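The values are calculated or read from the model by the stated rules, or taken from the named source; none is laboratory data. Remember, predicted model here, so these are calculated numbers, not experimental data. FYI the Cβ positions are ideal-geometry reconstructions off the backbone, even for glycines, and counts take in every protein chain you see. Areas reflect the complete protein model, heavy atoms only, side chains present, ligands, DNA and RNA absent. Shrake-Rupley method; radii C 1.70, N 1.55, O 1.52, S 1.80 Å.
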Number of protein chains: 2
Amino acid sequence: MLSRRHRAQSSRLSTGLWDALAQHPHWATLRSSLHGCAQKRDITIQQLNHDRNGRERVAILGSGWAGYTVARQLDAEKYQAIVISPRSYFVFTPLLASTSVGTLEFRTVLEPIRSRRTNVTFFQGWADVVDFKNKNVTIEEGVEDPHQALGLMSHPHEREPVEERRRGMAKRLKKGQLFDLTFDKLVIAVGCYNQTFGTPGVKEHALFLKDVGDARRIRNRLLACFETAALPTTSDEMRKHLLNFAIVGGGPTGIEFSAELHDIITEDLSKIYPELMKYYRISVYDVAPKVLPMFDEKLAGYAMQTFRREGIDIKTLHHVQELRRGLPSGSKDKEGYQDDQSCWTLKIKEEGDIGVGMVVWSTGLMMNPFVENALGKIQQLPDTGIKFLAPKSETQGVIEWAVKKDSKTGSVITDDRLRVIIEAEGEQGHKPRAIMEDVFALGDCAILEGTTYPATAQVASQKAEWLAKHLNQSDVDKNSFTWKNMGVMAYVGNWNAIMQSGGGGNVSGRAAWVLWRGAYLTKSVSWRNRILIPIYWFINWAFGRDISRF
Amino acid sequence: MLSRRHRAQSSRLSTGLWDALAQHPHWATLRSSLHGCAQKRDITIQQLNHDRNGRERVAILGSGWAGYTVARQLDAEKYQAIVISPRSYFVFTPLLASTSVGTLEFRTVLEPIRSRRTNVTFFQGWADVVDFKNKNVTIEEGVEDPHQALGLMSHPHEREPVEERRRGMAKRLKKGQLFDLTFDKLVIAVGCYNQTFGTPGVKEHALFLKDVGDARRIRNRLLACFETAALPTTSDEMRKHLLNFAIVGGGPTGIEFSAELHDIITEDLSKIYPELMKYYRISVYDVAPKVLPMFDEKLAGYAMQTFRREGIDIKTLHHVQELRRGLPSGSKDKEGYQDDQSCWTLKIKEEGDIGVGMVVWSTGLMMNPFVENALGKIQQLPDTGIKFLAPKSETQGVIEWAVKKDSKTGSVITDDRLRVIIEAEGEQGHKPRAIMEDVFALGDCAILEGTTYPATAQVASQKAEWLAKHLNQSDVDKNSFTWKNMGVMAYVGNWNAIMQSGGGGNVSGRAAWVLWRGAYLTKSVSWRNRILIPIYWFINWAFGRDISRF
C-alpha cells in the first residue's frame, strides 16, 4: 500500500492527486462520514431514487453538444438521465460569434438544461472522482463558481498542492459540498479547456470564444474600446492601439468572429463613431501557412479574397510570443504616460510589439483535467460490465488497469460503440485490453479508436444521437458508429459565407449565406430560439445592433 | 486665501474637497498644464467646436429620465447637445423589475445614448468641477468604471482623503483622464444615489433595482438560490433560508418587484423545481404603517388583498437593523456548518434574525455627492446670465454666493423655469438671491421651489420636455413649469395591476394590467424596443421565462 501511495505521489502532481486522494487511508472514513450526513444530502438523492422507478440511471458529465444531446434524446421511460455540469445551460456554439457583437442576443444561443419540456435532472457541479467498482461519481457543487459562464481555463482547485487539496476535499466533504451519485451507465462528455500553449499573458489577458460569458466580455470590451477612443483625453496613437483588434487562430471560429467584428464596425459603429473609422484594424494571426484548413483551396481562397476586400489582414506563419497589459515598449508617448493601462501589447515574433485593444484567442484545445486526473488508473474493476479482449490467462495476472488515452491529445479512446477502452498498466509491448460496457465517452474529450474525426460539434452531436438511439433500443453492442460528414460552413462577412458539402460540392457568397442562416436556424434546439433568432436578425438589420454596454 | 482654504478643509470632508481643489494654489497651474496637453485632448474638442457650427452648446449631466429626454428633444439645428454620464444608456425604469426576473430581456429597457437616429454627442464620465465663471465643466473619464451598470452607491473617489484626492486629481489631469468642456447652457440632471440609512451591511450585501446591472444581479442570484437549494448537499433548513426573499421598501418598485418575483416562481420555477415549492417565501418590509402611500386606500387595499391571496407577506412597521453574510445566530446546524456562506442573515427589530437568500432594497434616495460637492459655493459669478432678485445695494457687497439647496434633501432648488437659484452666503435672515439663467436642474436632484412634486420619472420627464420645448423656442423666461399629474400605476402580480388617474379615477385588476402594459409599451422610446417588448411578453408567456444563468 505504501509503495503504491508513494508511487502515486511521486508522479506528476496533478495526475497523482486524485489517485492520492482515493488511496488515502482516510478516504473510506471520509466517504462514510459523508454517508453519515444523512439530512444534508439524502433528500434529493432519495427523491431521485424514488423517481427512478425501476429505470436505469445514466449519469452524464457535461452539457455541451455531446452531453446535452444524449440527455435530451434518452427515452425517459427507460432511463433516468442526470446531467452534471458546471454550467446550467447548453450553448449553441455556431452562433456564439454572432452574439459577441450583438447580431444576436446572448440568450438566443442558450438552452437551459432544466426545462419543463424535458425529463432531465440537473446538478450544477464538477465531477471529481469516479469509482468504477461501485459505479459512483463524486461531485463537487458549483452553483456559485464565479467563472461559470467562461470557457474552461482552469479547474477551481487546479493550483492546490496535493496536501492542500486533500485537506480541502476533506473539508468540503464535511461541509457537505461534495456528494455521491451512483449510476448504471456513465456518459463522459466533459469537453476540452482552452489551450494557450503556455504563451505568457494569454490566459490572463486574451478573450476567448467558447462560452456565453466569453461572448459578453468581447461585446463589452469592443464597445469600451470605441467609447474610450472617442474621449477627448485619448491620443491619436492610443486610438490606433485601442482600435487594433487581433484574432489568433484561423479556424472557422476565428474567421467567423473576424467577419462579425467587421460587420458591426462597418454597419453600425461607422454610423455612431464616424470620426474613428480611420483608426480601426482587424488582423487574424495563425502559425499555419493557411487558414481554414478544413475547406478546399477554392473556398478558402474565396474567404481570403473577401477578407482582403474588406480590409481584414490575414497573417499566416506568424507566431504570438506574449500578451501583456500596457503600451508597446517602442511606443513614443509624448506626455510620458508610460503607465497607461487601457490597451494591451501583443508581441509577434515576425512583427515585434503591437498595441492592441483586444485579442480574441480561438486556437487550441487542452485536455480537460478531469480526463487526465480522474480517468487514470482504475482502483478496482467492476464485477460486471467488463468485456475482456484478451484470453483469461493474460488478464488474470493484471494488477492495475488504466483508461486508454491518446498519447498526443490525452483524449479517452473508445471503441466504435463509444465505450471506454481500458488496458493493463505497466506491461511492455502487448497490453491486454478490456471494454467498460457501461462507460461511454464522446465529444471533444474522446476519440474513436482508429479514426481522425475532427473535434467539432457535428461529430459530437452525431455520436450523441447514435448513443441515445442505441441506448434507447438496448442494442449498442450490435451496432457501430460512423461519422457522416455533413460538410463545413463558415460566415465570412458582409452577408457572404462559404459552404462545402460532405460530398465535395461547394457554394460561396450570398447563396451560401442564406444556407448558413437556414441551417443554423433549423438546427436550433428550442422553438423559443427558433422564433427569437430571425426576429433579432431582422431587428438588428432594421435598427442596427444594440450598443448599450453593461 | 489661507483662511479660506483652512475653512474649506475644516468643513465636512467631502464638502470641503471640491472647494479645496478648486481653491488650491496649483489648480490654475494644473488647469493650464491640462490645456498644454494639446495632442491628448484637443482632437475631439476641436472636432466638437467645429461641429458646433454657430449653435449654442448645451452640456447635459446625466442620462436618466431628465437628461436623456432633454438631449433627445433639443433642436439639433439650434443646439449642440452633449451628454456626460457614467453610463452609456438610458434605462426605461418602469420595466426594470420585469427584466430582473426575465419577463423581459435586459436590453429591451435600454436605449443607448449614442444612436444613429439622434444628433446627441456623448462622453462617458463623471462631472467633477463646475466653473460657472468660465462656463466650464471638468470631466473625469469613466469608460472602464467597474460599477457602471449598478445603481449609484458611491463616487469612485468618495473615500479618498482630501490630500489623496488632490494628488489623484493632479495625477489624472497629468495622465489626461480629466478634460474640460465649455458650455453655453448647463443642464444638471445627475439623479440620486441609493440610500441605505447607514444600516450595517446593506450597502455590501443587499441588491438594488435602479440600473440594469442591478436587475442582472437579482436574476442571477434568484436562480442561483433555487439551483443551490436543489442540490443534494443542501439541508432543509438551508433551503428555507435560501428561498426566503426579503424586499425592503413598500413603494411601487418594491411592490412591483415582489409581484414579478411571485410570478416567475409560480409560473416557471414551480414547473422546474416542483419539490422546492414548499420552501419559498416572499416578504415586503416597510417602516411605514402602510405600503403604496401614493395610492388611495381602496387601491392600496386591493394590492394588499392580492398579495395576501398570493401568499406574499407585507410587514409594515418593521425595521431592518442589519444584513450580514452567513446563517442566523439562532440557527441550529446539526452538522456544525457555522461557516456556511451561501445565505445571508437579515436582522429585523421586530423579528430578530432571519435567514434569507436575497434582500432587494428599494427604499430611499441619497443626494448625489456631485450636488453636495461641486454645486456648493460659487467661486466667481459669471459676467452674464445672472439675474439678481434683490436691489443692487444688497447684492453688491456679497462676497460669496452658493447654490440654494433644500435643507432636508440637499436637492438643488430651482425657480419655475427650472433655473438654479443662488443666494448670498453667510448672511443672516434675509439673503439676497439671484437666478443663473443658463443653468438648469431637474430630475431627482432638483426641486422646484415651493412645490412638493414627487421624485418620479413622470415629473422628471415632464420637466425635461418642458425645458427642451422652451429652449427650442427660446422662451424659457416667458413660461413657467407646472406638473400635470398623470396618475400612478403598479403591477401587483398574476396579471393584475392598480391604476389611479391624475383626476382620481381608479382601475384595478386585469383591466388595469392591460392599461399598464399598454402605457409602458407606448411610452417606450425606440421602435426596436416597442417591437421587442411585446415579442418577449408573448415568448415568455408561451415558453416560460429563460432560466439560463450567466
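Listed values, structure above:
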| item | result |
| --- | --- |
| Helix axis angle, A:297-310 relative to chain A longest principal axis, alpha carbon, degrees | 40 |
| Amide H contacts of A:Thr233 (H built 1.01 Å from N, under 5 Å, at least 5 apart or other chain) | none |
| Solution diffusion estimate, µm²/s, Stokes-Einstein, chain B, Kirkwood Rh from C-alpha pairs, 4 °C, viscosity 1.567 mPa s | 51 |
| Relative packing of peptides A:64-72, B:270-278 - highest average C-beta neighbours within 10 Å first | A:64-72, B:270-278 |
| Cα centre as origin, Lys/Arg/Asp/Glu Cβ charges: chain B dipole, Debye | 740 |
| Accessible area in square angstrom per residue, the protein assembly as shown, 1.4 angstrom probe | 40 |
| Amide H partners (placed H, <5 Å) of A:Val439, local residues excluded | A:Leu186, A:Val420 |
| Label geometry 7 Å along the beta-carbon vector: B:Thr316 inter-copy distances in nm | 7.6 |
| Share of alpha-carbon pairs per 5 Å distance bin for the range A:202-363, given as whole % | 2, 9, 18, 22, 21, 16, 9, 3, 1, 0, 0 |
| Crossing angle, helix A:27-36 versus chain A [Cα axis fit, 0-90 degrees, rounded to tens] | 90 |
| Shortest-first distances to equivalent copies, position A:Lys349, nm, label 7 Å out along Cβ | 7.1 |
| Ascending list, in nanometres, of distances separating the A:Glu267 label from those of the other copies (7 Å, Cα toward Cβ) | 3.1 |
| Trypsin sites (Lys or Arg not before Pro) within the range A:454-506, DSSP loop, no more than 11 other Cβ atoms inside 10 Å | A:Lys484 |
| Other protein chain Cβ atoms within 10 Å, averaged over every residue that makes up A:535-541 | 2 |
| Principal-axis tilt of helix A:38-52 within chain A, Cα atoms, nearest 10 degrees | 90 |
| Partner chain coverage, peptide B:81-89 - average Cβ within 10 angstrom | 2 |
| Carbon + sulfur, % of accessible area of the protein assembly as shown - ligands and nucleic acids excluded, 1.4 Å | 52 |
| Extreme residue, positive dipole direction of the protein assembly as shown, given options A:Ser283, A:Leu467, A:Val420 (C-beta unit charges) | A:Leu467 |
| The range B:249-260 - phi-based ³J(HN,Hα) in whole Hz, Karplus 6.51/-1.76/1.60, Gly and Pro as x | x, x, x, x, 5, x, 5, 5, 4, 4, 5, 5 |
